[in-house]
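Colleague: Just dropping this structure here.
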C-alpha cells in the first residue's frame, strides 16, 4: 500500500470549520485520499445512541447479505464515463490484531466533543496508526472494551458506541460509501458494474470483483472539498475479523471501474 495523507486531512466540519470516519474512512492500496477527509455531524446535532456494529469478516461476507434484491424498477443507468472511476476502500481496525508498544492517548469520552483532554487508555502504537488512517478501531481490551476509538485531525481521538457516517449513523460494511458532493450526492445508490484494474494495473481477481459487484452502495459520507476528486468513490468494507484487512485482497483500489445506478 503506498503512503496516503493521514487522517489529518480531517474528517469533520464541526459547525463551519470542523469536518473519521467516520465514519470516516480510509482507502485501499494505491489510493491517494485521506481517510479523514470526510464530514461528520456538528456537535450540536442530535444523534440517537447506536449499538456497536457487528464485525465484518476479512473474507467476503455471506452471499445473502450482498446479493441484490429483485427489483421491478427502471433499468440501471451508467454514472459518469464507463471505465472512468477510481474506487478506494476503508475499514475499521480491531485492537486484538495489533501488538505494538502501548501508547497512552487523550481525547473525548463522548461523541459530541472536540479536542478533549480526558485519558482514553493505552493502545498498541500500530493500532493507533491504523485508526488515524482509517478513522476508527474497535476496542477489545481495557475499560473501553466493546467501544470504538475514532479519530480525525479536527477533533482528535474520541470514544464512541459505533463508527459514524456523515449523518451520525453507524457505518454499514459493504453498503456505506463516500464521494464528493459534486460527483455523487448524499443518498445516491450505485453498483460497481465493472472493476477495471487494481492499483498496480493488474486485472482484479474474479472473486474480488464479484464481491464488489454484488454489493449495493449508498453515499452516506462526503469528502471535504478537494479531498475526494472527480470520479472517485470510497467504499466501506467493514471491521477486521481474524486477520488484518490491510492484507486482504478486498483492501484495494479499483482503477477504471464502471458505476451504474442501483
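Read-outs throughout are calculated quantities, based only on the coordinates presented, and are distinct from any laboratory measurement. Bear in mind that the values here come from a model prediction, so they are computed numbers and not experimental data. Using ideal geometry, Cβ is built from the backbone for each residue, glycine included, and neighbour counts are taken over all protein chains shown.
Colleague: Arrange the peptides 102-114, 128-140 so that the one whose residues have, on average, the most other Cβ atoms within 10 Å appears first.
Modeller: On the way: 102-114: 15.6, 128-140: 25.0.
The most tightly packed comes first, giving 128-140, 102-114.
Colleague: For all pairs of alpha-carbon atoms in region 131-214, what percent lies in each bin of width 10 Å, listed from the first bin to the last filled one?
Modeller: Bins of 10 Å from zero give 14, 33, 33, 19, 1 percent of pairs.
Colleague: Take every Cα pair under 8 Å in region 197-258 that's 6+ residues apart, average their separations, divide by the length, and report that relative contact order as a whole percent. Don't skip to the answer; put the middle values down first.
Modeller: Values: 23 pairs, mean separation 40.5, N = 62.
Reported as a whole number, the value is 65 percent.
Colleague: Order these peptides, 147-155, 186-194, by their mean beta-carbon neighbour count within 10 angstrom, highest first. Before the final figure, lay out the partial values.
Modeller: Working: 147-155: 25.8, 186-194: 17.9.
Ranked from most to least packed, the peptides come out as 147-155, 186-194.
Colleague: How much length is gained if the chain between residue 99 and residue 213 is pulled fully straight, taking 0.36 nm per residue apart and subtracting their Cα-Cα distance, in nm to one decimal?
Modeller: 37.6 nm
Colleague: If you rank 85, 158 by fewest surrounding Cβ atoms within 10 Å, what's the result? Provide the component values of the computation, followed by the final result.
Modeller: Working: 85 27, 158 24.
Placing the least packed residue first, the sequence is 158, 85.
Colleague: Follow-up. In which sequence would 99, 241, 232 go, from the one with the fewest C-beta neighbours within 10 Å to the one with the most?
Modeller: Values: 99 11, 241 18, 232 22.
Listed from fewest to most nearby Cβ atoms, that is 99, 241, 232.
Colleague: Okay, next question. Please report, for the Cα atoms of region 184-262, the Rg to one decimal and the Dmax as a whole number; what are they, in angstrom?
Modeller: Using the Cα atoms of region 184-262, the pair Rg, Dmax is 13.0, 35 Å.
Colleague: So, one more: Going out from 0 in 5 Å bins, what whole percent of all Cα-Cα distances in region 96-180 drops into each bin?
Modeller: 3, 15, 26, 28, 17, 9, 3, 0
Colleague: Kindly rank 166-175, 117-126 from highest to lowest mean number of other beta carbons found within 10 Å of each residue. Numbers along the way, then the final one.
Modeller: Values: 166-175: 20.7, 117-126: 16.2.
The most tightly packed comes first, giving 166-175, 117-126.
Colleague: Can you compute the modelled spin-label distance between residue 117 and residue 247, with each label point 7 Å from Cα toward Cβ, in nm?
Modeller: 4.1 nm
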